[in-house]
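Peer 1: One structure coming up, written as C-alpha coordinates, with questions to follow.
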Amino acid sequence: MKTILNKPELVLLLEQVLKQIEILCGEYDNGNEAVIQLIAEKIVPMFHNTDHSKALMSQLKLSHLDMYCSSEIYNAKSLTNFIGLLKLTHHAGKGWGYSSKLDRPELKKVSQENWWSNKKVIIDSDGIAFTRGKIVKSLASADHLVLNTSGWIIKDGEGNKSTINPMAETVRQIAFELLESFKDVDLDKESKLYYKS
(Lines give C-alpha, C1' and ligand atoms only; values in the text may rest on other atoms or scores of the structure.)
Protein backbone atom coordinates (compact mmCIF):
# COMPACT_ATOMS: atom_id res chain seq x y z
CA MET A 1 0.00 0.00 0.00
CA LYS A 2 1.25 3.45 -0.94
CA THR A 3 1.92 5.81 1.97
CA ILE A 4 0.79 9.39 1.48
CA LEU A 5 2.62 11.99 3.53
CA ASN A 6 1.06 15.28 4.59
CA LYS A 7 2.76 18.64 4.09
CA PRO A 8 4.64 18.79 7.44
CA GLU A 9 5.92 15.25 6.87
CA LEU A 10 7.05 16.09 3.32
CA VAL A 11 8.80 19.27 4.50
CA LEU A 12 10.57 17.28 7.23
CA LEU A 13 11.57 14.63 4.68
CA LEU A 14 13.05 17.25 2.34
CA GLU A 15 14.95 18.88 5.21
CA GLN A 16 16.34 15.47 6.20
CA VAL A 17 17.41 14.68 2.61
CA LEU A 18 19.19 18.03 2.30
CA LYS A 19 21.00 17.40 5.61
CA GLN A 20 22.02 13.90 4.45
CA ILE A 21 23.38 15.33 1.18
CA GLU A 22 25.36 17.92 3.14
CA ILE A 23 26.89 15.21 5.37
CA LEU A 24 27.74 13.02 2.35
CA CYS A 25 29.38 16.00 0.62
CA GLY A 26 31.58 16.44 3.70
CA GLU A 27 32.59 12.78 3.48
CA TYR A 28 33.37 13.13 -0.22
CA ASP A 29 35.46 16.25 0.43
CA ASN A 30 37.40 14.24 3.03
CA GLY A 31 38.37 11.66 0.41
CA ASN A 32 35.55 9.11 0.47
CA GLU A 33 34.73 8.99 -3.26
CA ALA A 34 32.37 6.02 -2.81
CA VAL A 35 29.64 8.31 -1.40
CA ILE A 36 29.11 10.06 -4.74
CA GLN A 37 26.57 7.41 -5.74
CA LEU A 38 24.73 7.94 -2.43
CA ILE A 39 24.61 11.69 -3.12
CA ALA A 40 23.08 10.98 -6.53
CA GLU A 41 20.58 8.56 -4.97
CA LYS A 42 19.43 11.30 -2.57
CA ILE A 43 19.06 13.92 -5.32
CA VAL A 44 17.05 11.87 -7.84
CA PRO A 45 13.77 11.54 -5.86
CA MET A 46 13.78 15.29 -5.27
CA PHE A 47 13.45 16.13 -8.98
CA HIS A 48 12.65 13.01 -11.01
CA ASN A 49 9.01 12.04 -11.60
CA THR A 50 8.34 8.42 -12.56
CA ASP A 51 5.22 6.44 -13.43
CA HIS A 52 5.14 5.20 -9.83
CA SER A 53 6.19 8.23 -7.80
CA LYS A 54 6.12 12.00 -7.87
CA ALA A 55 9.28 13.97 -7.21
CA LEU A 56 9.51 15.61 -3.81
CA MET A 57 9.54 19.05 -5.48
CA SER A 58 6.29 18.17 -7.27
CA GLN A 59 4.65 16.76 -4.14
CA LEU A 60 5.45 19.90 -2.18
CA LYS A 61 4.59 22.14 -5.13
CA LEU A 62 8.04 23.76 -5.01
CA SER A 63 8.71 23.67 -8.75
CA HIS A 64 8.43 27.48 -8.88
CA LEU A 65 11.66 27.87 -6.87
CA ASP A 66 14.67 28.91 -8.89
CA MET A 67 17.92 26.98 -8.54
CA TYR A 68 21.47 28.24 -8.35
CA CYS A 69 23.54 27.43 -11.43
CA SER A 70 27.33 27.67 -11.69
CA SER A 71 27.67 26.32 -15.22
CA GLU A 72 29.53 28.24 -17.85
CA ILE A 73 27.61 28.96 -21.03
CA TYR A 74 28.24 26.43 -23.78
CA ASN A 75 29.72 27.84 -26.97
CA ALA A 76 28.49 25.67 -29.84
CA LYS A 77 31.39 26.90 -32.02
CA SER A 78 33.98 25.50 -29.61
CA LEU A 79 35.93 22.52 -30.91
CA THR A 80 36.82 21.21 -27.46
CA ASN A 81 34.83 19.18 -24.95
CA PHE A 82 32.64 21.15 -22.58
CA ILE A 83 32.63 20.60 -18.84
CA GLY A 84 30.59 23.53 -17.58
CA LEU A 85 30.46 22.87 -13.85
CA LEU A 86 34.14 22.20 -13.16
CA LYS A 87 37.46 23.97 -13.21
CA LEU A 88 40.83 22.64 -14.24
CA THR A 89 43.23 22.57 -11.28
CA HIS A 90 46.76 21.34 -10.68
CA HIS A 91 47.31 18.88 -7.85
CA ALA A 92 50.85 18.42 -6.50
CA GLY A 93 52.22 15.05 -7.60
CA LYS A 94 49.11 14.19 -9.60
CA GLY A 95 49.16 16.82 -12.33
CA TRP A 96 46.07 18.44 -13.81
CA GLY A 97 42.51 17.38 -13.15
CA TYR A 98 38.96 18.66 -12.86
CA SER A 99 37.52 19.80 -9.58
CA SER A 100 34.24 21.33 -8.43
CA LYS A 101 34.15 25.11 -8.08
CA LEU A 102 32.24 25.33 -4.76
CA ASP A 103 32.16 29.10 -5.22
CA ARG A 104 29.01 30.96 -4.16
CA PRO A 105 29.69 34.26 -6.01
CA GLU A 106 29.61 32.41 -9.35
CA LEU A 107 26.02 31.25 -8.83
CA LYS A 108 23.18 32.56 -11.00
CA LYS A 109 19.48 31.72 -10.68
CA VAL A 110 17.74 29.60 -13.32
CA SER A 111 14.39 27.85 -13.42
CA GLN A 112 14.21 24.39 -11.87
CA GLU A 113 13.28 22.81 -15.21
CA ASN A 114 16.27 24.46 -16.91
CA TRP A 115 18.57 23.43 -14.04
CA TRP A 116 17.52 19.75 -13.97
CA SER A 117 16.47 18.85 -17.51
CA ASN A 118 17.53 21.42 -20.09
CA LYS A 119 20.90 22.97 -19.32
CA LYS A 120 23.83 21.15 -20.90
CA VAL A 121 26.63 20.80 -18.34
CA ILE A 122 28.85 18.33 -20.22
CA ILE A 123 29.39 17.84 -23.96
CA ASP A 124 31.61 14.83 -24.62
CA SER A 125 34.09 14.21 -27.45
CA ASP A 126 31.27 12.91 -29.67
CA GLY A 127 29.24 16.07 -29.14
CA ILE A 128 26.67 14.30 -26.95
CA ALA A 129 25.06 16.58 -24.36
CA PHE A 130 24.48 15.66 -20.72
CA THR A 131 22.17 17.47 -18.30
CA ARG A 132 22.28 17.37 -14.52
CA GLY A 133 19.27 15.04 -14.53
CA LYS A 134 20.87 12.62 -16.99
CA ILE A 135 24.13 12.52 -15.03
CA VAL A 136 22.61 12.17 -11.56
CA LYS A 137 20.03 9.54 -12.61
CA SER A 138 22.73 7.41 -14.24
CA LEU A 139 24.98 7.49 -11.18
CA ALA A 140 22.08 6.80 -8.82
CA SER A 141 21.04 3.72 -10.78
CA ALA A 142 24.63 2.52 -11.34
CA ASP A 143 23.69 2.48 -15.04
CA HIS A 144 26.76 4.48 -15.89
CA LEU A 145 26.70 6.82 -18.82
CA VAL A 146 29.02 6.14 -21.69
CA LEU A 147 31.10 9.26 -22.17
CA ASN A 148 33.59 9.64 -24.95
CA THR A 149 36.39 11.23 -22.96
CA SER A 150 39.07 11.00 -25.63
CA GLY A 151 39.66 14.72 -25.28
CA TRP A 152 40.11 14.58 -21.53
CA ILE A 153 43.69 13.38 -21.30
CA ILE A 154 45.96 14.70 -18.55
CA LYS A 155 49.55 14.12 -17.53
CA ASP A 156 50.71 13.42 -13.99
CA GLY A 157 53.92 14.74 -12.41
CA GLU A 158 56.01 12.11 -14.24
CA GLY A 159 54.40 12.81 -17.62
CA ASN A 160 52.19 9.70 -17.64
CA LYS A 161 48.95 10.21 -19.55
CA SER A 162 45.54 9.23 -18.23
CA THR A 163 41.91 9.97 -19.03
CA ILE A 164 39.93 11.80 -16.40
CA ASN A 165 36.28 11.12 -15.74
CA PRO A 166 34.51 14.31 -14.59
CA MET A 167 31.36 12.59 -13.25
CA ALA A 168 32.12 12.46 -9.51
CA GLU A 169 33.22 16.10 -9.33
CA THR A 170 30.25 17.14 -11.47
CA VAL A 171 27.82 15.49 -9.03
CA ARG A 172 29.67 17.17 -6.15
CA GLN A 173 29.16 20.55 -7.84
CA ILE A 174 25.48 19.77 -8.52
CA ALA A 175 25.06 18.96 -4.81
CA PHE A 176 26.73 22.27 -3.93
CA GLU A 177 24.32 24.20 -6.17
CA LEU A 178 21.38 22.30 -4.68
CA LEU A 179 22.37 22.97 -1.07
CA GLU A 180 23.02 26.65 -1.80
CA SER A 181 19.63 26.92 -3.54
CA PHE A 182 17.77 25.74 -0.44
CA LYS A 183 20.05 27.29 2.20
CA ASP A 184 17.80 30.21 3.19
CA VAL A 185 14.46 28.89 1.95
CA ASP A 186 11.53 28.46 4.33
CA LEU A 187 10.19 25.26 2.76
CA ASP A 188 6.89 25.38 4.62
CA LYS A 189 6.11 28.93 3.47
CA GLU A 190 7.36 28.39 -0.09
CA SER A 191 5.42 25.17 -0.61
CA LYS A 192 2.19 25.75 -2.54
CA LEU A 193 0.80 22.48 -1.19
CA TYR A 194 -2.42 23.19 0.66
CA TYR A 195 -2.50 21.69 4.13
CA LYS A 196 -5.55 21.63 6.37
CA SER A 197 -4.62 20.88 9.97
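The values are calculated or read from the model by the stated rules, or taken from the named source; none is laboratory data. None of these values were measured; they are calculated from a predicted model. A quick note on method: Cβ atoms are made from the backbone with ideal geometry, for glycine too, and the neighbour counts reach across all protein chains shown. Please note that ligands, DNA and RNA were not included when accessible areas were found on the heavy atoms of the full protein model with its side chains. Shrake-Rupley method; radii C 1.70, N 1.55, O 1.52, S 1.80 Å.
Peer 1: Can you tell me which lysines have their Cα less than 25 Å from the Cα of residue 161? Leave out same-chain residues fewer than eight positions away.
Peer 2: Residue 161 reaches 87, 94, 101.
Peer 1: Here's another thing I want to ask about it. Would you mind working out the magnitude of the charge dipole of the range 19-162 relative to its Cα centre, with +1 at each Lys and Arg C-beta and -1 at each Asp and Glu C-beta, to the nearest 20 Debye?
Peer 2: So the dipole magnitude of the range 19-162 works out to roughly 420 debye.
Peer 1: Can you find, among 140, 96, 49, the residue sitting farthest towards the positive end of the charge dipole of the chain, where Lys and Arg contribute +1 and Asp and Glu -1 at Cβ?
Peer 2: 49
Peer 1: Related question: As a test of the formula, what do you get for the chain when each DSSP H run with n ≥ 4 contributes -39,500 (n - 2.57) and the sum is divided by the residue count, at 222 nm and rounded to the nearest 500 deg cm²/dmol?
Peer 2: After summing the helix terms and dividing by residue count, I get -10500 deg cm²/dmol.
Peer 1: Also, quick follow-up: Might you work out the accessible area of residue 9 for me, using a 1.4 Å probe with all protein chains in place, and round it to the nearest 10 Å²?
Peer 2: Using a 1.4 Å probe on the heavy atoms, I get roughly 80 Å².
Peer 1: Oh, and also: Once you place label points 7 Å from the Cα toward the Cβ at residue 141 and residue 186, how far apart are they in nm?
Peer 2: Label at residue 141, label at residue 186, 3.9 nm between them.
Peer 1: Which value, in debye to the nearest 20, gives the size of the charge dipole of the range 96-184 about its Cα centre, when Lys and Arg are +1 and Asp and Glu are -1 at the Cβ?
Peer 2: Computed about the Cα centre, the dipole is about 220 debye.
Peer 1: Between residue 80 and residue 16, what is the label-point separation in nm under the 7 Å Cα-to-beta-carbon projection?
Peer 2: 4.5 nm
Peer 1: Now, a different point. Which ³J(HN,Hα) values in Hz, rounded to whole numbers, follow from the phi angles of the range 27-33 under the Karplus curve 6.51 cos²θ - 1.76 cosθ + 1.60, where θ = phi - 60° and Gly and Pro get x?
Peer 2: Each residue of the range 27-33 in turn: 5, 4, 5, 8, x, 8, 5 Hz.
Peer 1: OK, next. What is the gain in length, in nm to one decimal, between residue 118 and residue 33 on full extension, counting 0.36 nm per residue of separation less the C-alpha to C-alpha distance?
Peer 2: Gain on extension, residue 118 to residue 33, equals 27.9 nm.
Peer 1: Let me ask you something else. Would you work out which of 38, 130, 160 lies farthest towards the positive end of the dipole of the chain, given +1 charges on the beta-carbon of Lys and Arg and -1 on that of Asp and Glu, about the Cα centre?
Peer 2: 130
Peer 1: Taking K and R as +1 and D and E as -1, what net charge do the other residues with C-beta under 13 Å from the C-beta of residue 102 add up to?
Peer 2: -3
Peer 1: Could you tell me which of rounded, prolate or oblate describes the range 50-134, using a ≥ b ≥ c as the square roots of the eigenvalues of the alpha-carbon gyration tensor, with rounded for a/c under 1.5 and, failing that, prolate when a/b is larger than b/c and oblate otherwise?
Peer 2: Note, shape of the range 50-134 comes out prolate.
Peer 1: Express in nm, to one decimal, how much length is gained between residue 163 and residue 103 on full extension, taking 0.36 nm for each residue of separation and deducting their alpha carbon distance.
Peer 2: Numbers: separation 60, 0.36 × 60 = 21.60 nm, distance 2.55 nm.
Gain on extension, residue 163 to residue 103, equals 19.0 nm.
Peer 1: While we're on this one: Normalised by the empirical 2.2 N^0.38 Å for globular proteins, what value does the Cα Rg of the chain take? Walk me through the numbers on the way to the answer.
Peer 2: Details: Rg = 17.9 Å, N = 197, 2.2 N^0.38 = 16.4 Å.
Compared with the compact-globule rule of thumb, the chain sits at 1.10.
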